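In what follows, a single structure is set out as structure tokens and then discussed.
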Amino acid sequence: GQIPLAAQAAITAQVPIVAQVPIVVQETKIIQEQRAIQQQRAAQRARAIQEAKVIQEALTIQQPRAIQQPRSIQQQRLQQQQRTLQKVVVRVLRGRVGVPAEVVRVPRIGEPPPPPPGRLLFPSRLGRGVTKKAFRTQIRRGQRKGDRFVTVKGNTLPRNRAINLGAGITDSTTAASFRLMRKGTTTLPDDPRFNLKAKFRGIKGKSKLPPRTFVERRRFRIDTPGEKQGIPFSPERLPRLREAIERKRQRRIRRALPPGRLPRSLRTGRGRVSVFL
């Protein structure tokens, strides 16, 4: 039952080969892993090279454009300079030869037409047809105490018209004051303002004069032709004075009216007087 020596020698010779099999397998795995890593690195390098090529191509495309733009700008400037030089030379030559230079006609820019005038508010239209307080004008006959007030006959008037009537009569005679008396209502148009307001004042402090009295200031007592002539105030002159003041008022309104507008007439105590209504 013993194994021969030759067989034992063969078995002992095969044992190390079987022991070396796992070592070879490990080495092959390591080699494969290294090859995979090398392939990945090679692929990354190839990608980087391609990206660099793309960037370089883009730069080479953009550089000629950037170079062409300054060149085109320079060419435009040179052309403009040449044109200006040609114009200057032509002007100089024309001046020497005597040929008249070309006249550059600038087109006239027409001014825009004025806006249409709006609806103007004239003194005659103020309060037309509107019921308002009416007053009568009374002129003081003299400048001393006890002198009575004389009523100006005619239609009752709105406040500003009554004030202007009294101020006009007082300013054109030696009378120095007038007052307003409330009397019903009226629909006549009113004046826009007190025209001679700077020449008159109201009553001062504890004055015995009645309310709504207007006194002519001292520095304006003798400033009109009637006052300089010493024309006294008298009730007989009131109708004429009233007509004269109404004519002045109508002239003032006529100047303010647009061309083509005609007045209407209003019957007063002394005939017909033109009134704009």
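Nothing in this text is a laboratory measurement; each read-out follows from the coordinates by a stated rule. Just so you know, these numbers come straight off a predicted model, no measurement behind them. Positions of Cβ are generated from backbone atoms using ideal geometry, with glycine treated the same way; all protein chains shown enter the neighbour counts.
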### Query
Using 0.36 nm per residue, how much length does the chain from Lys206 to Val90 gain when fully extended, once their Cα-Cα distance is taken away?
32.5 nm
### Query
Among the aspartates and glutamates, which have Cα under 19 Å from the Cα of Lys132 when same-chain residues fewer than 8 positions away are ignored?
Asp190, Asp191
### Proximal lysines to Lys197, defined as alpha-carbon separation beneath 19 angstrom and excluding residues fewer than eight positions away on the same chain
Lys248
### Message
Could you check the spin-label model distance between Arg182 and Arg221? Points 7 Å from the Cα along Cα→Cβ, value in nm.
### Response
3.3 nm
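Between Arg45 and Arg240, what is 0.36 nm times their sequence separation minus the Cα-Cα distance? Round to one decimal in nm. Show your work: numbers first, answer last.
Values: separation 195, 0.36 × 195 = 70.20 nm, distance 12.19 nm.
This chain segment gains 58.0 nm when fully extended.
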### Message
Show me the ranking of peptides 46-53, 228-235 by mean Cβ neighbours inside 10 Å, starting with the highest.
### Response
228-235, 46-53
### Message
To make sure I understand, if each residue's beta carbon is the centre and we count other beta carbons within 10 Å, what order do Lys132, Lys206 fall in, fewest to most?
### Response
Lys206, Lys132
### Query
Among the aspartates and glutamates, which have Cα under 19 Å from the Cα of Lys204 when same-chain residues fewer than 8 positions away are ignored?
Asp147, Glu216
